[in-house]
Amino acid sequence: MSSNIITGDWHRSQYICSSEDLDVFDNWNKLIFFDDFFIYSHKSLSVTSHQNSNGNKAVIIGYLIDPFQPGRKEIDLVKDITSCNNQSSLTKQLQQYTGRYVVIFQNNSTYTVNTDACAFRQVFYGKFNKKTIITSNPKLFLDAFNQSLIINDDKKELLLNEKFIKWESPWFGETSYDDRFTHLLPNKYLDLNLFSSKRVEVFHPSFTNRQELLEYSAEVVRGGIKGFLERNKNVIQAITAGWDSRIALASVKDFREEIKFFILDLQDKPIHKKADQYIPRSLTKKLNIPLWTDVTPQFTQKFKEMFKKNHIFPRWDTKIRNIQWHYQHTKGWINVNTNGLEVARVVYNKKPDEANPFFYADSFHLPHTPFVLDEMEKWHVDALEYSKEIGVSIFDLFFWEQRQGNWGALNANEKDVAVEDLTPFNNKNLLLAWLQVPIKERQYMHYAFFKKLIKHVWAEVLCEPINPEPFKTYLKYYAGVLPRRFLFGK
């Protein structure tokens, strides 16, 4: 057993489930609910449990929101979850929710761990001394059990690769830094009876026409953010020049005064040369929205020491400097993130036969080492047939599971030390609905469907351009598009 006492902001908003009772947590919550393990959670992390009259049990770790009834809290929703009678009905139930959560469910036939749509509330699972361990961060396991990292040479080599570090250390596959743990990706659940992951069923929402889809989309995004406000009155939302930010801003039209909008400046170049600076300033002025402007701080030694304690291989890029700002100014607030929407904004518009481990590695700026290519091949073999079954492009699925499920989830976990990072786009029904929209309406550079969505909810936010590009960027784009349209009609 560890001699560490985990206290304060050390592993803030993290959880660990263990079949061994631990005595290393100071002022953490402890839940003895399932027969075979204990659930420990930092006091800043919401954990809700319920057992119904039939003996069905469920635990929600984190925030789970019904966007159509945002005022219903987790204590209400966990009761709905326990009414499910098998994994299929549970999966269908969870598809409708927004949030960042893990749901553990048990009845006579089912015992599973389930993630939110993009697995932004991380799940790592493994065995240690024949004991089951499930955690949001393997570093918490190392500290709680007083263990040293076990990592193979292939991972060590990659972590020291300059290109890997330059591109924000984009992890991939289902591996973890520690060889004892597997990462549960989106569209999978962990079967605790077999202790292995399985693909989830998919239940596609249906719409009679485009107007119905627009109304549904608006309500889900709007209801998600309302749900954030129902759980914490201190909600902060960044405004950028981008599409995702503009959709989120449009969605809060009717209650924008309840949210604090902000931008941070790296001071790396003059403001008039940075769209993410001058566009939000001009936009909020025209819309009469107060805007909190500040400067991204340089790292303090105190923050670096604290952050380092929370991660096996901490990153030190500008995103982490922004987290330090949150730690100093908005600690304990909810931050409205816009990750998730990119799943539906076509990132890789490629032909099916271009999907291969080399392409996946290149898209992440990863070296073509045997380790990288082998992990990409494993994912490809597992995902290819699934993508056909659920009617989602292998490229969209790759971005969903690998980019959002790894990189996006890591960034949310890093922010846990300061804020609860929630996105209104992390709703599986919403993502599935958008993925059925024709590619030409959701691809670079005009994103026709999303522009229609913005006009539907608050057209005035289009008074400033979205992601204005230099003229040469447009010239390069249309130099490729126009001949293709002339020759092939697409």
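Could we say that Ile466 is on the phi < 0 side of the Ramachandran plot, at pLDDT 90 or above and in contact with a Gly (Cβ under 8 Å, 6 or more places away or on another chain) here? Judged against the criteria, Ile466 is a match.
When Thr293 is tested against the conditions (1) farther than 26 Å from Phe141 by Cα; (2) touching a residue at least 40 places away in the same chain (Cβ under 8 Å); (3) surrounded by 14 or more Cβ atoms within 10 Å (Cβ to Cβ), the lone failure is (2). Where residues in region 299-338 are at pLDDT 95 or above and β-branched (Val, Ile, Thr), which of them is farthest from Ala250 (Cα to Cα)? It comes out as Ile312. Pairing residues of region 227-255 that are at negative phi and without any contact (Cβ under 8 Å) to a residue 60 or more places away in the chain with residues that are outside any loop (DSSP other than H, G, I, E, B) and polar (S, T, N, Q), at Cβ distances under 6 Å and at least 6 apart in sequence or on separate chains, gives Ile239/Ser245. State whether one or more residues within region 115-124 are on the phi < 0 side of the Ramachandran plot and more than 16 Å from the chain's Cα centre (by Cα). No: zero hits. Taking the conditions exactly as written (more than 30 Å from Arg180 (Cα to Cα), buried (at least 20 other Cβ atoms within 10 Å of the Cβ) and over 21 Å from the mean Cα position of the chain (by Cα)), does Pro280 satisfy them or not? In short, yes. Here is a check on your reading of the model: is Glu230 at pLDDT 95 or above and in contact with a Gly (Cβ under 6 Å, 6 or more places away or on another chain)? Yes; evaluated as a whole, the condition is true for this residue. Restricting attention to region 338-362, the residues being touching a helix residue (DSSP H, G or I) at 6+ places or on another chain (Cβ under 9 Å) and within 24 Å of Phe450 (Cα to Cα) number 13.
Scanning region 47-105 for residues that are of a type in the set (Ser, Thr, Tyr) and either touching a Leu at 6+ places or on another chain (Cβ under 7 Å) or part of a helix (DSSP H, G or I) (or both) yields Ser49, Tyr63, Thr82, Ser88, Ser89, Thr91, Tyr97, Tyr101.
The values are calculated or read from the model by the stated rules, or taken from the named source; none is laboratory data. These numbers come from a predicted model, not from an experiment. Cβ: placed from backbone, ideal geometry, glycine included. Neighbour counts: every protein chain shown.
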